[in-house]
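All of the numbers you see were taken from the coordinates with simple rules; none came from a lab. A quick note: this is a predicted structure, and the numbers were derived from the prediction, not measured. Positions of Cβ are backbone-derived with ideal geometry, glycine not excepted, and every protein chain shown enters the neighbour counts.
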Amino acid sequence: MIGPRAYLILEDGAVFEGTRIGAPVEAAGEVVFTTSMTGYQEVISDPSYRGQIVVMAAPLIGNYGFNPQAWEARGPHVRGFVVREACEVPSHYLSREPLDEFLAGHGIAGLTELDTRRLVRHLRIHGLKRGMISGSADQSTIDRVRDLPELHEQDLVGEASCKEPIVIPGDGPRIALLDCGVKLGIIDALRRRGCEVHVLPHTTGPEAIAAFEPGGVLLSNGPGDPAVLNSVVATVRDIIDNIPVMGVCLGHQLLALAVGGRTYKMKFGHRGSNQPVLDQLTGRVMITTQNHGYAVDPDTLPSSVEVTHVNLNDGTIEGLRHRHLPVFSVQFHPEGRPGPHDADHLYDEFLDAIGVRTEVTHAEAR
């Protein structure tokens, strides 16, 4: 691909040169990487990536193009997108446009022909960094990168959450979904089970949630540092005594904070669709889709909560369950998108907790 040269500059002074694709603008944010080999449109539109420049570790991206069926939100959420090789001629019957055109059409800066192997190794060794995609790599640009706000200094959940309640009709149980930046895959997992889903802004308080008379509450995924979401944590703390609750990703972290635990920022997080997780209650190993940069500190959890799932790569907590209440959470995404559906049954367990059981076939889950 022939295009203008541009750079990814990290706050530690590291500079990576590539060819610009997408919109001819600067992009700034935390630089993260995902090991997913497919699902790049789902990655770009995942609200959990808000505030971040995403690096795809797989070398060839864009080979099946972009289509209207692969969105995880109403539009992209990444600040920037970095790949080793951007496919210029995608091949798929649903494809509408190649990667370059897609990024340009949505105002997203991108880079290709960049040594992503070296970049990912740098982030794994030195930890995630703030960075900027720019046409310049001089000292003044590096200084601007170092002045960028940290994730905990930004209201990313406020940007990603819905502003007004949204109702998805269904004949089954009523679920209040607290939207901290929810993926459409989670909503679809509930919809396929016949649920009536009320998607609520993250600012919705416990009284307002109770007014909907839901059978259960689902705490969604979302971007940023969970420890700054004090009002949401207070809401979760108020509702867990009275109603079944399931947390996913950020929702898992919020639940841990609500019961008295603490979270911490990981060196480079888990992002990809190949993370092995052990269910300690059954001994079953699942391959899961994950996108998170924070984890729950096991030493801070109260005795009323037990760890149900652990990551087999690094031993971090992947799931929690309250010993006395119908409340549980997982750090990974049971619905996949992109990724396997090994853990899709956890949505059925949520419905079991509220007294409803709906079978979904594997084909329907896809």
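Against the longest alpha carbon principal axis of the chain, how many degrees, from 0 to 90 and to the nearest 10, is the axis of helix 230-239 turned?
Between helix and principal axis, roughly 30 degrees.
Using Cα positions and a limit of under 23 Å, work out the lysines in reach of LYS267, with same-chain residues fewer than 8 apart set aside.
Excluding near neighbours in sequence, the set is LYS129.
I need LEU229, LEU94, LEU99, LEU148 ordered by Cβ neighbour count within 10 Å, fewest first.
LEU94, LEU148, LEU229, LEU99
Give a quick list of GluC sites (Glu not before Pro) in the stretch 142-242 that DSSP marks as loop, anything other than H, G, I, E or B, with at most 13 other Cβ atoms within 10 Å.
GLU150
Output the peptides 41-51, 134-144, 13-23 sorted from most to least packed, where packing is the average of other Cβ atoms within 10 Å over each peptide's residues.
Order by mean packing, descending: 41-51, 13-23, 134-144.
Under a no-solvent Debye model with one identical scatterer per Cα of the stretch 5-148, what's log10 I(q)/I(0) at q = 0.16, 0.19, 0.20 Å⁻¹?
Reported log10 I(q)/I(0), two decimals: -0.75, -1.07, -1.18.
Run through the stretch 209-302 and list the chymotrypsin sites (Phe, Trp or Tyr not before Pro) located in a DSSP loop whose Cβ has at most 14 other Cβ atoms within 10 Å.
none
Show that you can apply the helix-only estimate: for the chain, add -39,500 (n - 2.57) for every DSSP H stretch of four or more residues, divide by all residues, and state [θ] at 222 nm to the nearest 500. Display every interim value, and only then the final one.
Working: 11 runs with 82 residues, N = 366.
Calculated from helices alone, the mean residue ellipticity at 222 nm is -6000 deg cm²/dmol.
Going highest first, how would you order 28-36, 62-70 by mean Cβ packing within 10 Å?
In descending order of packing, they fall as 28-36, 62-70.
For the chain, what is the percent of antiparallel DSSP beta bridges, rounded to the nearest 5?
60
Given labels modelled 7 Å from the Cα in the Cβ direction, how far is it in nm from ALA227 to THR38?
For the pair ALA227/THR38, the computed spacing is 3.9 nm.
Work out from phi, with θ = phi - 60° and the Karplus expression 6.51 cos²θ - 1.76 cosθ + 1.60, the ³J(HN,Hα) of each residue of the stretch 191-207, listed in order in whole Hz, and give x for Gly and Pro.
4, 5, 9, x, 5, 8, 9, 9, 7, 10, x, 5, 7, 5, x, x, 5
Specify the angular offset, from 0 to 90 degrees and rounded to the nearest 10, of the alpha carbon long axis of helix 116-126 from the longest principal axis of the alpha carbons in the chain.
It works out to around 60 degrees.
In which sequence would VAL217, VAL54 go, from the one with the fewest C-beta neighbours within 10 Å to the one with the most?
Going from least to most buried by this count: VAL54, VAL217.
Can you pull the three principal axis extents for the Cα set of the chain, in Å, largest first?
Principal-axis extents of the Cα atoms in the chain, largest first: 59, 45, 41 Å.
Hand me the trypsin sites (Lys or Arg not before Pro) from the stretch 158-235 located in a DSSP loop with no more than 13 other Cβ atoms within 10 Å, in residue order please.
LYS163
In nm, give the distance between the simple-model label positions of ILE166 and ASP143, each being 7 Å from the Cα along the Cα-to-Cβ direction.
4.3
Which whole-percent values make up P(r) of the stretch 156-365 when all C-alpha to C-alpha distances are grouped in 5 Å steps starting at zero?
For the stretch 156-365, the pair-distance distribution reads 1, 8, 17, 22, 23, 17, 9, 3, 0.
Give the residues of the stretch 273-314 whose amide nitrogen is closer than 18 Å to a point set 7 Å from the Cα of HIS152 in the direction of its Cβ.
Of the residues in the stretch 273-314, 292-301 have backbone N under 18 Å from the label point off HIS152.
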